[in-house]
Amino acid sequence: MSETPIPDAAPAAVAPPPVDRPPARRWPPISPALVVAIVALLVALWQWSETRREAAQLQGDLARRIADMETGNRDVRLLADQVRNNVRDIESRMGLLEARVLETQNQRIALETLYQELARNRDEWVLAEVEQILITAGQQLQLSGNVRAALIALEAADKRLARADRPTLIPVRRLINRDIERLRALPSVDVPGLALKLDNLIAAADDLPMASEQRPAAAPARSSPSAGGFWDRLVDEYGRDLKDLLRIRVTESRQVPLVAPEQAYFVRENLKLKLLSARLALLARDGDGFRTELRTSAKWIEQYFDPSAKPVANAITTLRQLSDNELAIRLPDIAESLEAVRTLRVSRERALR
């Protein structure tokens, strides 16, 4: 584009020629559709910006949630690991429990089997035990006649059968109770008391005074010599000396055996043997032998010992009282009860076979 030269000076009076101005630009008329389009475009731009902002906000929220979820997932994984560990621990424990349960079941089965065997054999054991008790009671009656011991044994057998509580044992209990009543109806003999009295007599045998050891009564005091002459006093003294040398004693027709001092020991020992024989007969319930030994002992005491002495008189009285006791008691037989127990035990053994 070329520049227009400007003149250096222009006369003031001369007016510039008129400049032609271009005509003013006229805008075309705005149509409503364009306005609506512009408004729609603005609204769309606003909505897009809001949507973008919301999308960014949602994206941030989503990122936070994802971060939270990742944190939660880590916690969940940790919990899952713990759960897996716990599950493995529980599985191992369950395995141990199953093994123990299986062992317990085996033990229970074994115990049930053992209990069944014991239940089958318990009655046999009870019968065997009762049989031994009845055998002991029978021996006490037959050998020593000890009614008290036999009664205690029968009562023990009845209690043992009562604890078993079996209807099949009722007939045996009935027989045992019958034997118990028969033993209780027997007259009681205090065998220990009688044996104690015999022991006291045996212990006192060494202190019983012998008849041959009796001493004459003391001579009366001599009176003062008479106031006679010498010959009279001499005759009087010789007369008293002769009387002291010769004494006559009335024994009331009882002949006292003369026993030497060294023979007194054997007399006492023989008396002890007789009393021991009486004691053995007492324990054996031999009434005839018991009374025979007591009579012989009493006869020996009356013959060789001083009956006027109180210990001797007491010994003789005790022997007579002992001989009055009746030992020959007809003892009952418990063989029927024993046979019933044996029969029941044998029948059960055959049934088990």
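The values are calculated or read from the model by the stated rules, or taken from the named source; none is laboratory data. Here the structure is a predicted model, which is why all the values come from computation and not from measurement. When we count neighbours, we look across all protein chains shown, and the Cβ atoms used for this are built from the backbone with ideal geometry, even at glycine. Protein only, heavy atoms only, side chains kept; ligands, DNA and RNA dropped before computing areas. Shrake-Rupley method; radii C 1.70, N 1.55, O 1.52, S 1.80 Å.
Before moving on, here are some points about what is shown:
- For the range 174-187, 3J(HN,Hα) computed residue by residue from phi via the Karplus equation (6.51, -1.76, 1.60; θ = phi - 60°) reads 5, 5, 5, 5, 5, 5, 5, 5, 5, 5, 5, 7, 6, x Hz, glycine and proline entered as x.
- Computed over protein heavy atoms with a 1.4 angstrom probe, the accessible surface ordering of 231, 300, 48, largest first, is 231, 48, 300.
- For residue 305, residues with placed amide H under 5 Å, excluding near neighbours: 211
- Surface accessible to a 1.4 Å probe, residue 296 within the full protein complex, Å²: 40 Å²
- The calculated FRET efficiency for the pair residue 74 and residue 31, based on their C-beta separation and a Förster distance of 41 Å, comes to about 0.05.
- Volume per residue that the Cα convex hull of the range 57-140 spans, once the total is divided by residue count, Å³: 130 Å³
- Subtracting the Cα-Cα distance of residue 124 and residue 57 from 0.36 nm times their residue separation leaves 14.7 nm of extension gain.
- Net charge contributed by nearby residues that have their C-beta within less than 10 Å of residue 338 (K/R +1, D/E -1): -4
- A cut-off under 15 angstrom between Cβ atoms defines the neighbours of residue 289, and their net charge, with Lys, Arg +1 and Asp, Glu -1, is +1.
- The string of couplings for the range 191-201 from the Karplus curve (6.51, -1.76, 1.60, θ = phi - 60°) is 4, x, x, 5, 5, 5, 5, 5, 5, 5, 5 Hz, one whole number per residue in order, with x for Gly and Pro.
- Along its three principal directions, the equivalent ellipsoid of the range 266-353 from the Cα gyration tensor extends over semi-axes of 48, 12, 8 Å, largest first.
- Neighbourhood charge, 14 Å Cβ-Cβ cut-off, centred on residue 280 and excluding it, Lys, Arg +1 and Asp, Glu -1: +1
- Cα gyration tensor shape of the range 142-187, rounded if a/c is under 1.5, else prolate or oblate by comparing a/b with b/c: prolate
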